[in-house]
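Read through the structure below, which is laid out as structure tokens, and then see the notes.
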Amino acid sequence: MTNNQSLITGFMQHIVVAITGASGSIYGVRLVEELLKADCRVTLLVTRSGFDVLRYETGLDLSGSVAERREQLRARFDAPERLDHYDEDDLFAPVASGSSAPDAMVVCPCSMGTAGRIAAGLANNLVERVADVALKERRELLLVPRETPFNRIHLENLLRLDQAGARILPAMPAFYHRPRSIDELVDFLVGKILDNLRIPHRLFPRWGEGSATAKD
């Protein structure tokens, strides 16, 4: 369902965004901003290593209890009504149940450890459990791996996830739109994620728009 359809029917898409310990947490932060701008309801999950990388790469320091972190996030994104947050160990969170499964989940960035555990169906924490729910309920599951180079284990895990119904969207920004800043590179990738969620955006020019001279 597109965002336009959501506005017509009054249906608010619920998207879970998970930030893990891979480099590239800026992608997850920017994605949350755009999802909220598109009137989606967002549940943000962050692993312990994800908190460390988030602090190191973006300066966003989330501390205290889960309730305190939730309030910090709502203040950061200015979305008190549409942004939720749970601890990674909280397997009693609503999103852990298939009966209240979100419309989609995006693991952004996705570490190879997280990808491997999801591929194995371990569901040891809330991020892995929500991903497992998305697969079993046939909901959208997008993984944004940020690793290079991939070894054979990485590739086999990603193939296994694709075969299980997940979509693999590596953090590979394009250059045909002639980006002039890191923000434009980030926006390209976030725009590709939104495309896969069928959410309209104007984060980058489409092929044939503007002065692009090379195809994505």
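The values are calculated or read from the model by the stated rules, or taken from the named source; none is laboratory data. Every value quoted in this text rests on a predicted model; they were computed, and no experiment measured them. Glycine gets a Cβ as well: all are built from the backbone with ideal geometry, and neighbour counts include every protein chain shown. Just so you know, the surface numbers come from the protein's heavy atoms only, side chains and all, with ligands and any DNA or RNA stripped out. Shrake-Rupley method; radii C 1.70, N 1.55, O 1.52, S 1.80 Å.
Cβ-Cβ distance below 7 Å, separation of 6 or more or different chains: which pairs start in the range 56-81 with a residue that is among the β-branched types (Val, Ile, Thr) and end on one that is open to solvent by 60 Å² or more (accessible area, probe 1.4 Å) and at pLDDT 95 or above?
THR58/ILE26
For residues that are out of contact with any strand residue (DSSP E or B) (no Cβ under 6 Å at 6 or more places or on another chain) and over 27 Å from PHE92 (Cα atoms), tally how many sit in the range 110-156.
Count: 10.
Among ASP195, ASP162, ASP183, ASP187, which is the only one that is over 12 Å from MET112 (Cα atoms), among the acidic types (Asp, Glu) and buried (at least 16 other Cβ atoms within 10 Å of the Cβ)?
ASP187
Could you please tell me which pairs satisfy a Cβ distance under 8 Å, a separation of 6+ or placement on different chains, a first residue in the range 90-104 that is within 11 Å of VAL133 (Cα to Cα) and in contact (Cβ under 8 Å) with a residue 24 or more places away in the chain, and a second residue that is among the small types (Gly, Ala, Ser) and buried (at least 18 other Cβ atoms within 10 Å of the Cβ)?
VAL95/ALA101; ALA101/ALA134; PRO102/ALA134; ALA104/ALA134
Go through the range 95-144 residue by residue and tally those that are surrounded by fewer than 19 Cβ atoms within 10 Å (Cβ to Cβ) and hydroxyl-bearing (Ser, Thr, Tyr).
Qualifying residue count for the region: 3.
Can you name the helices (runs of 4 or more DSSP H) wholly within the range 122-216 that have at least 3 residues being closer than 19 Å to ILE15 by Cβ, in contact (Cβ under 8 Å) with a residue 40 or more places away in the chain and of a type in the set (Val, Ile, Thr)?
182-196
So that you can scan it fast, the table gives a plain yes or no per residue for (1) at pLDDT 95 or above; (2) farther than 17 Å from LEU62 by Cα; (3) surrounded by fewer than 24 Cβ atoms within 10 Å (Cβ to Cβ):
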| residue | (1), (2), (3) |
| --- | --- |
| THR2 | no, yes, yes |
| ILE8 | no, yes, yes |
| HIS14 | yes, yes, yes |
| THR20 | yes, no, no |
| LEU31 | yes, yes, no |
| ALA38 | yes, yes, yes |
| ARG41 | yes, yes, yes |
| THR47 | yes, no, yes |
